[in-house]
Amino acid sequence: MKKIVLNLALLCVIFVSQAQNNLELLSILNYQDLHGSDLSDIWGYADEEGNEYAIVGVNNGGVSIVDVTDPMNPFEVFFSPGPSTIWRDMKTWGDYAYITNESSGGLKIIDMSGLPDNTNLPVVQYDLGNWQSAHNLYIDEFGYCYIAGANRGNGGVIFLDLNDDPMNPVEVGEYDQFYVHDVVAKENLMYLSHISDGFFQILDVTDKTNPIVLGSQETSSTFTHNAWFSDDLNYLFTTDEVPNSFIDSYDISDPTDIQFLDNIQSSPGDNVIVHNTHYIDGFLVTSYYRDGVTIHDVSNPDIMVEIGNYDTSPNFNGNGFNGCWGVYPWLPSGNIIAADIEEGLYVLGPNYIKGCYLVGEVTDASNNAPINDADLQLVATSISDNSDAIGTYGMGIAESGTYSLEVSKPGYLSQTITDIELTNGNTVEVDIELVPLQAFSFSGTTLEAENNGNLSGTEVIMFNTDFTFSGTSDGNGNFTFPNIFPGTYDIIAGQWGFITECIEGVEINESNNTVVLTLEEGIYDDFSFDFGWTSSATSPTGQWERAEPFGTTAFGNNQVNPEVDVQGDCYNQCYVTGNAASDQAGADDVDDGNVILVSPTFDATQFVFPRVSFWRWFANYDNTIADDQLELRISNGTDEEILAVYDENDNMSEWVFEEFILSDIIELSTIMTLIVETSDNFDNGSLVEAGIDLFQVYEGPVSISEINENAISIFPNPSNGEFQIQTGINEQMDLRILDTSGRLILQDQFVNFIDYNLDISPGLYHVLIETQSGARIQKKMLVK
C-alpha cells in the first residue's frame, strides 16, 4: 500500500489530485508548519449553510477548526489553545463541539453557531471538580454526552445531559464497573470498548440512573479499542489496538447472544495496528497507524471486503504508533477527512464500490458429507478462506474479473476451478466435491547401527505440511502407522543414547510403504523428541519449554525470543525460556528469579577426551543493573563446575555455537548432566530470554590447544562475499562457515590460505577452523 507523497510547502499546495485504491487525495493541511505539532483525533461539522469543517486535535495544546468546504483549499478558521497532550477526542451536538483530553481542564465546549461569518467563537471549560481529564466521549441523538475513561473511579462512563443548556451539561448517571476506552450509543443502547480487559459490552441506558448490561463479547485480539454499530443496530464492528490486529464483525441483533461473523486485516503480515473504525451506509471507514485510511464493504458482514485504501503515512510501515489517528466519513459532500499524526489533515474523495462475492459448499464426493477446514485460495490474490463445520465458505474481492479457485484438504485430491466470473455487487455460488484419497498402512523397523540389531523404544515421527504420525517401536523394533495417505514425508527416529536419524523427502504410497531406520550410538539431542530434560524455576514466567520458538522483538527491532531454532537439525524444536504466542516481548520472559534446565544423565567415561557442544541463545535488554545472566554448568553427580557465564554483553539475539572439553573441566562419571540456568535480577524491568539447541557429546582429540587469535585473518572483513582466509599454520585445517541460525553454509579443508567468492546474503557469519592436531578458533565475518 505504500506510496511516496510529494513534499508539501507551508500549509497546503496539493492542487492536483492523487488517487490510491478508490480514495482520491484532494488536499493536505500541514500542521507541522501551521502549529509545529503532531495531531490526534478528528471530527466533522456542517453548518446550516452547508459549509463543512474539520475539528482537529492538536497535540501541543489545542483544537483547530478548519474550513474544508472547498476540499482543494482547506484553511483554519479558529484555534482554541489548551494543555499539551497526545490524546484529544471531539464530538458535536448541534452547533457545539465537545472536546476531552487526558491532561486537564475537564470538558471544552465551543459554540460554532457563528460560523462562517464570526470566527471569534465562545469557549467554556466544563469542570465539576471531581474529574479533570478523560480519554473519549460520544453524544447520542437524544443529546446525552457519554464521557469515557475519566480520571474518576474506575474510569467508566459519566452521563451528561446537554439538552437544557449545551454550554452547561448536567450529570445524570454513570457506569463504572470497568475502565472504558471508547463509547458509542444509539436508541438508548450503549456500546463500550474495554481495551485492557479485551471485550466490549452492550448496555441498555434508557434509565440513565440504572444502566443494564445486556451482553458482552471478547474481541479477536483481546485489546478492544473501539466499536461502531450498523445503522439498524444488528451488527457491531470492533478494532483491537495491537500489531497484526483485525477489524471484527459481530451479529448483535440479540445482545444476549452475540455471534462472531468475520474479521479482516490491512496489509496482513506487516504487523500494522488498526485504530478507529466507523460505519456509513454499508461500509467501514477505518484509520490505521502506518497504513492510512481503508474502506471495507460490509454490506455482507459475514464477508468483509477491502475496497479502498489511501496511505497517509508514507514514511512509516509495519508495527508502530505513527500515521493515521482518526477519520470522519459523514460530511454532506461525502468527502472523508483524516488526521495523520505526523503528516497533517487529509481531505480524501472516496469511491464506494461493492465487493465481488464468491460463496459455496465443500463436500465429500463419496458420501456428500460437508468437509470442515478445507483450504480455498483465489489464485494470484491474497484472498482465501476455510470451510466451516457445515462445509460452507465465503470470500470477497474488490476487483471484478475472471478468477481460478484452488481447493485442498488433507486426505483429498486437490481441485482447481477455473473461469469464475466475479462482478462488483454480485455473488457467485460455486460448490465443490473433493474426492477422498485411499488410506493405507505404513510400517518400519528401527535398528542399532553397531550390530544391526532391532532397537526397541525408538520414537518415530513421520510428517509433512498436512499430516503428522508418531509412535514408538516395539520390543522387536517394529512400528506401524495404520491409516496414512500418499505424499512426500520427512521421517525422524530417535532415543536417548543414540544420534537422531532423519530422512527428508520420502515418497510414500501403497507400493512404497516400509522403511528401515538405523541409529548410531551417541549422546545427541536436537529436541525433536522429549528425552526427559527437567526444569525448575523461581521465576513466575519464562519457564523452560521444548517447542518451536515464537519470536518476539523490542527496543528497535532487537530480537528477544528467537523466531526459529538452529537450522540444519532434524526438526524445528529447541528449548527456550517462555514461548507465549504474543507480540509483546515481556509477555513470557524470565522475571524476578531464575529458570533451570537439566539434561538427562549421560556416561562421559566412554570417551577419552569428551567434548560437549551446543548452540545457545541469550537476549537481555533494558538491563539497568547488569546482573541478569545465562550460566552453563556441568555436573558429575557429585560436583558442579561452571562452563561459561554470559551477560548483556555476550552475543545477544543470535544462536551461538559453544564447545567445551569436559576432561579439562571436571572428573568424568557415568551420571553427567548439563545444567542451563537463566536468571533475571529482581525488579530491574529488563527482558531476559535464553535457548539451547543441538546438544552433543563426542570424542575430542588427544590433546587440545587454542590457535593464537592473530594466526588467522579474514580479509577483507566486512566483505561482499569475496574474501581470503590466511593463516600461519602449515598443516591441513577443517573449515566450517555457519550463519547465525546455525545453518551450515560451507564446509572445506585448506592449508595456509584459501580464497572464496560466495554468493551469500548480507549478515553475520561464524567461521570455525580446526587443525588436525586439535587446535581450534572461532571468528566472526560480516558480509554487506
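The values are calculated or read from the model by the stated rules, or taken from the named source; none is laboratory data. These numbers come from a predicted model, not from an experiment. Cβ: placed from backbone, ideal geometry, glycine included. Neighbour counts: every protein chain shown. When the accessible area is computed, the model is the full protein with side chains, heavy atoms only, and any ligands, DNA or RNA have been set aside. Shrake-Rupley method; radii C 1.70, N 1.55, O 1.52, S 1.80 Å.
Can you tell me the accessible area per residue over the chain, all protein chains present, probe 1.4 angstrom, in square angstrom? Walk me through the numbers on the way to the answer.
Values: 31640 Å² over 784 residues.
Ligands and nucleic acids excluded, the figure is 40 Å² per residue.
For residue 518, enumerate residues with amide H under 5 Å from its amide H, sequence gap 5+ or separate chain, H modeled in the peptide plane.
Here the answer is 447, since their amide H atoms fall under 5 Å of that of residue 518.
What is the sum of charges around residue 386, taking Lys and Arg as +1, Asp and Glu as -1, for the other residues whose C-beta is under 9 Å from the C-beta of residue 386?
Details: positive: none; negative: 373, 375, 385, 388.
Taking every other residue near residue 386 into account, the sum is -4.
For Cα pairs less than 8 Å apart in space and 6+ apart in sequence, what is the mean separation divided by the residue count of the chain, i.e. the relative contact order in percent? Before the final figure, lay out each step's value.
Working: 2247 pairs, mean separation 48.5, N = 784.
Worked out over the chain, it gives 6 percent.
Show me, for region 373-389, the HN-Hα J-couplings you get by feeding each phi into the Karplus relation (A = 6.51, B = -1.76, C = 1.60, θ = phi - 60°), rounded to Hz, glycine and proline as x.
Running phi through 6.51 cos²θ - 1.76 cosθ + 1.60 with θ = phi - 60° gives 6, 5, 8, 10, 10, 6, 4, 6, 9, 8, 7, 8, 7, 10, 5, 8, 4 Hz.
Sum -39500 (n - 2.57) across every DSSP H segment of at least 4 residues in the chain, then divide by the residue count to get the 222 nm mean residue ellipticity, nearest 500. Before the final figure, lay out the partial values.
Numbers: 1 runs with 4 residues, N = 784.
It lands at 0 deg cm²/dmol.
Give me the distance in nm between label points sitting 7 Å out from Cα along the Cα-to-Cβ direction at residue 509 and residue 380, one decimal.
With each label placed 7 Å out from Cα toward Cβ, I get 3.1 nm.
So I have (i) 34.2, 108; (ii) 32.2, 109; (iii) 32.3, 100, and one of them is Rg and Dmax of the Cα atoms in Å calculated from this model. Which one is it?
Of the labelled values, this structure produces (iii).
Pairs of lysines 8 or more apart, or on different chains, with alpha carbons under 28 Å: count those in the chain, would you?
11
Quick one: net charge around residue 153, please, counting Lys, Arg +1 and Asp, Glu -1 for every other residue with C-beta under 14 Å from its C-beta.
Numbers: positive: 152; negative: 171, 174, 176.
For residues surrounding residue 153, the net value is -2.
If one computes the Cα centroid of region 458-522 and of region 125-202, what distance in Å separates the two points?
62 Å
Leaving out ligands, DNA and RNA, and with a 1.4 Å probe, what % of the accessible surface on the chain is carbon or sulfur? Don't jump to the answer; show the numbers that get you there.
On the way: 14240 of 31640 Å².
For the chain, the apolar C and S fraction of the accessible surface comes to 45 percent.
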